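Have a look at the structure below, then the notes.
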Amino acid sequence: MVVTKRIGLQTKGHCDIIDITPEVEQKLGETDIRNGTVTLFVAGSTAGISTIEFESGLLSDFQSMWERNAPKDIPYDHDRRWGDGNGYSHVRASLLGASLVIPFNDRRLALGTWQQVVLVDFDNRPRSRQIIVQIMGE
């Protein structure tokens, strides 16, 4: 069986990290599927999905890492072409990835003790985001 649901969020942009674990668990609980996988996909090219320990020190480290690896203040060809100043956002999102697959058993996500599912919005402005949640199993 396959069930598709959506999670809608408002973000702040600028490497906004949002814990979406409770929303994913809620969507999973709304189905009759007990065991399987849940696939999460964020629609858009300036946001990504991952897992992380959602604590302030690590969140700060994570945000700093992006600035070191795809800094905001260097030239991007995307910005020259479109003039929107978010070339770094596209690069960061492509490195993180737009989707994540998580197994579950007895309607419980198979996450580690300190592991949460996060949406990271890299854009240079607030956005309305849609996450497609596809639940497959038996």
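The values are calculated or read from the model by the stated rules, or taken from the named source; none is laboratory data. It should be emphasised that the depicted structure is a prediction, and the values quoted were computed from it without experimental measurement. Reconstructed Cβ throughout: ideal geometry from the backbone, glycine too, with neighbour counts over all protein chains shown.
For the stretch 63-71, the condition holds for no residue, the condition being that it is within 16 Å of ARG129 (Cα to Cα), hydroxyl-bearing (Ser, Thr, Tyr) and at pLDDT 95 or above. Take the conditions (1) touching a Phe, Trp or Tyr at 6+ places or on another chain (Cβ under 8 Å); (2) more than 19 Å from LYS5 (Cβ to Cβ); ASN35 misses just one of them, which is (2).
Note on the stretch 5-22: residues that are of a type outside the set (Val, Ile, Thr), surrounded by 19 or more Cβ atoms within 10 Å (Cβ to Cβ) and not in a strand (DSSP E or B) total 1. What residue, among those in the stretch 25-77 that are assigned to a loop (DSSP other than H, G, I, E, B) and of a type in the set (Phe, Trp, Tyr), is farthest from the chain's Cα centre (by Cα)? Restricting to residues being assigned to a loop (DSSP other than H, G, I, E, B) and of a type in the set (Phe, Trp, Tyr), the top hit is TYR76.
When each of VAL101, VAL118 is tested for being buried (at least 19 other Cβ atoms within 10 Å of the Cβ), in contact with a strand residue (DSSP E or B) (Cβ under 6 Å, 6 or more places away or on another chain) and within 27 Å of VAL3 (Cβ to Cβ), the lone residue that passes is VAL118.
Output yes when any residue across the stretch 110-123 is in a strand (DSSP E or B), at negative phi and in contact with a Cys (Cβ under 9 Å, 6 or more places away or on another chain), and no when none is. Taking every residue of the stretch 110-123 in turn, at least one turns out to be in a strand (DSSP E or B), at negative phi and in contact with a Cys (Cβ under 9 Å, 6 or more places away or on another chain). Among the residues of the stretch 78-98, which ones are part of a helix (DSSP H, G or I) and loosely packed, with under 13 Cβ neighbours inside 10 Å? Matches in the stretch 78-98: ARG80, ARG81, TRP82, LEU95.
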